[in-house]
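Undergrad: One structure, as structure tokens, below. Some questions next.
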């Protein structure tokens, strides 16, 4: 029941919000809806009644598809991420002006519903439905409220992911015909009878779809442009939550379905991701634009998670589960600061910024904390996850781990450089009259900083939440 | 039998109306009533109430599948008449004759869904196309319309010649015109006769022409573009799908039994890839939405050809789903298109600001054509892909097919981009509230069928 509510509430709330004309009431309504979703998600995590977490009803009997939703450890942690990030984002942009605000926030909620659907589905066709449906609001949000090159850039993003998901659809149908009971249920998919050659093909069809979404080198080219051009409120959703759909797909579907193919291809994929990490980190150093820098840094982080998954070591996988949540929190925090700076000063270029710490000390402190979390400093939340992932990767291949560690150093280089150029030094013309961030922004950032520090000191609840699922997952794939 | 006789009969009634009823605007009401009667008669027939009991001597064979398709075709025509009736009146003085021809076309559709004899196939195709030659030229003073009609007529009669030749050869090869039970006859010739194969190839070519599959598609863009938009809307949807239903029957009966002698799957896979390639690639470069839809109809035909390739139960169900998804979406798009004064992509700029309902329903129609989930178009594509994957061979055709589907997003979404993301003041003919309501109902049907396909398929069983 809780699983169903998690999807229905944002759908209904979003649809109502589309028709609200008044800007402030649209914002208030969407914030309330997102808080209700958060409450429901927390209820799902702390409830002791297992039957509340499960929902199952016949849907397309002709096709063998059912509406099966379930909250297990993996979907709990990702639903929590989705549910936490939405109110934080809404609070952070509460004072920003959006034309047609009702539609903007309505589409945000619909997108949230789509993502929650992806995380909760236990039926392959349903999963595909939500996978596509999450994309439609994203397409409209980015194309209507984005930057000046928004239409082309968003279209590139849409076509890229659409190609991937169609390939995945082919694979889903193919596997469906090889399931023992001709059903789309997750369990039947795990037990599908495929020959080795077929497994290889299906593995790659699935992988391309997920790799485009994550994105993994060389399928990443849509990502920096899209992050740059989409409205920052939505960039937070995209990079914080939506890219997790790709990683989620690997964990829920790809690896347990084709463990052999995953093993035989893991060296290719890990090599690709590590190349991608290095490449993205090097490009990030050369960026002059805050948004693009964070976009490339995100490619590196997601690449590490993907590599750790395919390395198939227990520590690494535990790390990925935690890091999926933490990376979402951290990157949303960074985007909030970028959004404040851009809205206030009209630029995101380092060359036009400087000395902001003198004018906006609170913002500077909060931003530095988020940045330190981004480079995975000990006692921040990201440290736990990255440490586990690196130890997993090291067990798999010391060379790969060694190469990937260079990226950590590079990450420190570009992140600290960003802090220095934007917040320290002397004020320049554009920052001369800057003022500190407003209350709502501080509130949103403080929530994130608390999460960063709490989970940095005490990651145990998060590990407990996912332990069972991690164990199940590891037995499935080994 | 009900539908065949009622459609022909009401066509004649419409003809008499043209001089008995003086009021121009009442024709479309009479036509709508006629379609309702026709629909009811067909539904009666579906449940075993046949008013006529004519023995066709096995020339016609009624199946539940055929009846359901008839209902879909008639209902789509009803929606078409209700949505674009006013625009048909603007075409000229001969509105009643226009509707007469529509009824005759429907008569051909009903024959095609029930034929069991190659002569009936020929008759159905002819009853279907001859009114279309006239309809294509119905904008008498427009040079493009005349050109399209002549082109269509010349090419169409040529392909009809091919069809007759093919039927004759098949008769020579098997000794019967009947579709089924022909195998008994042809066994006399010790296996599959060469004449039958050649005859089937001729039939294949002419049927490909009728459904505008490559490489026999060249007439399509010119004819669809030249014909008045209200006619294009009709001939690109209901007529085309009827051609596919006839084609599917031919394939499942005759081609499947000759598959030991000739590799039909290879031939169809080549036709599919060519059709998708031509349709999609040329659609990208169009500047007019009408011409884009003409090419898109070729690319959608490519997907419908999947059914002929695989010939299993997924194929027939998928073709039904496709006929709903494709007909309704295209009729809806054309209904809006005929109201636009400028049918280029620029003409749609800013439609979402001035006419939000029209833009939203149009977006749903385009989503359906592009195959986005929760629309009937997705399930249609799903069934088509599944039908080939189920055969277990030629999976590469499916992969190529989905890549072309991704290309089709490019030109469908150009309309969405124009409507939602660009600024402009679209110029439109006037329309009433009922028009908007009709579009909303149409969009709702597409979504309901897309979310609950059993609403359609239960009809096949109960």
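Undergrad: For residue A:15, project a label point 7 Å along Cα to C-beta. Then give me every residue of the range A:108-123 with its amide nitrogen under 19 Å of that point.
TA: Those under the cut-off are A:108-118.
Undergrad: Can you tell me, using C-alpha contacts under 8 Å and at least 6 residues apart, the relative contact order of the range B:263-462 as a whole percent? Could the numbers behind the result be given before it?
TA: On the way: 295 pairs, mean separation 56.7, N = 200.
Relative contact order comes out at 28 percent.
Undergrad: State the extension gain, in nm to one decimal, for the chain segment bounded by residue B:26 and residue B:428, taking 0.36 nm per residue of separation less the distance between their alpha-carbons. The partial results should precede the final answer.
TA: On the way: separation 402, 0.36 × 402 = 144.72 nm, distance 2.41 nm.
Answer, rounded to one decimal: 142.3 nm.
Undergrad: What span do the alpha-carbon atoms of the protein assembly as shown cover on each of the three principal axes, reported in whole Å from largest to smallest?
TA: Answer, in whole Å and largest first: 90, 62, 49 Å.
Undergrad: For the residue pair residue B:440 and residue A:412, what label-to-label distance in nm results when each label sits 7 Å from Cα along the Cα-to-beta-carbon direction?
TA: Result: 6.2 nm between the two label points.
Undergrad: Right, next: What does the helix-only formula give at 222 nm for chain A: each DSSP H stretch with n ≥ 4 adding -39500 (n - 2.57), the total divided by the residues, and the result rounded to the nearest 500 deg cm²/dmol? Each step should come with its number before you reach the end.
TA: Working: 21 runs with 352 residues, N = 478.
The helix contribution divided over chain A gives -24500 deg cm²/dmol.
Undergrad: In addition: Provide a whole-number value for the mean count of partner chain Cβ atoms within 10 Å of the Cβ atoms in peptide A:161-174. Kindly include the intermediate steps, with their values, before the conclusion.
TA: Numbers: counts 1, 9, 6, 1, 3, 12, 5, 1, 10, 9, 2, 4, 11, 7.
Mean inter-chain Cβ contacts per residue within 10 Å come to 6.
Undergrad: Could you give log10 I(q)/I(0) at q = 0.10 Å⁻¹ for the range A:261-478, computed by the Debye formula over C-alpha point scatterers of equal weight, without solvent?
TA: Reported log10 I(q)/I(0), two decimals: -0.46.
Undergrad: Want the number for residue A:148 to residue A:468: 0.36 nm per residue separation, take away the alpha-carbon distance, what's left? Don't skip to the answer; put the middle values down first.
TA: Details: separation 320, 0.36 × 320 = 115.20 nm, distance 4.68 nm.
The span from residue A:148 to residue A:468 would gain 110.5 nm if fully extended.
Undergrad: Treating the angle as unsigned and between 0 and 90°, give the value, to the nearest 10°, between the Cα long axis of helix A:460-477 and the longest Cα principal axis of chain A.
TA: The angle comes out near 40 degrees.
Undergrad: Put a dot 7 Å past each Cα toward the Cβ at residue A:62 and residue B:13; how far apart are the dots in nm?
TA: Label-label distance for residue B:13 and residue A:62, simple model: 3.2 nm.
Undergrad: Contact order normalised by length for the range A:313-393, with contacts defined as Cα pairs under 8 Å and 6 or more residues apart; what percent is it? Could the numbers behind the result be given before it?
TA: Numbers: 73 pairs, mean separation 45.9, N = 81.
Computed value for the range A:313-393: 57 percent relative contact order.
Undergrad: Give the residues of the range B:303-344 whose amide nitrogen is closer than 12 Å to a point set 7 Å from the Cα of residue B:90 in the direction of its Cβ.
TA: Residues passing the 12 Å test: B:335-343.
Undergrad: Of the peptides B:405-412, A:358-365, how do they stack up when ordered by the mean number of other Cβ atoms within 10 Å, highest first?
TA: Working: B:405-412: 21.5, A:358-365: 17.6.
Per-residue mean Cβ counts within 10 Å order the peptides as B:405-412, A:358-365.
Undergrad: At what distance in angstrom do the alpha carbon centres of the range A:238-275 and the range A:184-231 lie from each other?
TA: 7
Undergrad: Defining a contact as two alpha carbons under 8 Å apart and six or more residues distant in sequence, what relative contact order in percent does the range A:261-478 show? Could the numbers behind the result be given before it?
TA: Values: 311 pairs, mean separation 63.8, N = 218.
Relative contact order for the range A:261-478 comes out at 29 percent.
Undergrad: Next up: What angle, in degrees between 0 and 90 and rounded to the nearest 10, separates the Cα long axis of helix A:2-18 from the longest principal axis of the Cα atoms of chain A?
TA: Orientation of helix A:2-18: about 50 degrees from the principal axis.
Undergrad: Further question: Please report how far the C-alpha centroid of the range B:87-107 lies from that of the range A:414-459, rounded to the nearest whole angstrom.
TA: First find each Cα centre; the distance between them is then 70 Å.
Undergrad: How high is the FRET efficiency between residue A:424 and residue B:119 when r is their beta carbon distance and R₀ equals 51 Å, given to the nearest 0.05? Kindly include the intermediate steps, with their values, before the conclusion.
TA: Details: r = 89 Å, r/R0 = 1.75.
Efficiency computed from Cβ-Cβ geometry: 0.05.
Undergrad: Give the average, rounded to an integer, of partner chain Cβ atoms located within 10 angstrom of each Cβ in A:135-146. Mind showing how you got there, number by number?
TA: Values: counts 2, 5, 0, 0, 4, 4, 0, 1, 5, 3, 0, 1.
Mean number of neighbouring Cβ atoms from other chains: 2.
Undergrad: Working out 0.36 nm times the residue gap between residue A:433 and residue A:358, then minus their Cα-Cα distance, what length gain in nm do you get to one decimal? List each step's numbers first, then the result.
TA: On the way: separation 75, 0.36 × 75 = 27.00 nm, distance 1.07 nm.
Here the segment from residue A:433 to residue A:358 would lengthen by 25.9 nm.
Undergrad: Right, another one. In peptide B:397-410, what is the residue-averaged number of other protein chain Cβ atoms found within 10 Å of each Cβ? If you can, show how the numbers build up before the last one.
TA: On the way: counts 0, 6, 6, 0, 2, 9, 3, 1, 4, 10, 2, 0, 6, 4.
Mean shielding count: 4.
Undergrad: Compute the separation of the alpha-carbon centres of the range B:205-275 and the range A:104-140 and state it in Å as a whole number.
TA: A separation of 36 Å, based on Cα centres.
Undergrad: Let me ask you something else. If each of residue B:64 and residue A:399 carries a label point 7 Å out from its Cα toward its Cβ, how far apart are those two points in nm?
TA: So the label points at residue B:64 and residue A:399 sit 6.3 nm apart.
Undergrad: Here's a follow-up. Be a star and scan the range A:85-108 for residues whose amide nitrogen sits under 15 Å from the point 7 Å along the Cα-to-Cβ vector of residue A:443.
TA: A:86-96
Undergrad: Enter the angle in degrees (range 0 to 90, nearest 10) between the Cα long axis of helix B:289-310 and the first principal axis of the Cα atoms of chain B, meaning the one along which they spread out most.
TA: So the inclination is approximately 30 degrees.
All of the numbers you see were taken from the coordinates with simple rules; none came from a lab. Since this is a predicted model, take the numbers as computed values, not measurements. Using ideal geometry, Cβ is built from the backbone for each residue, glycine included, and neighbour counts are taken over all protein chains shown.
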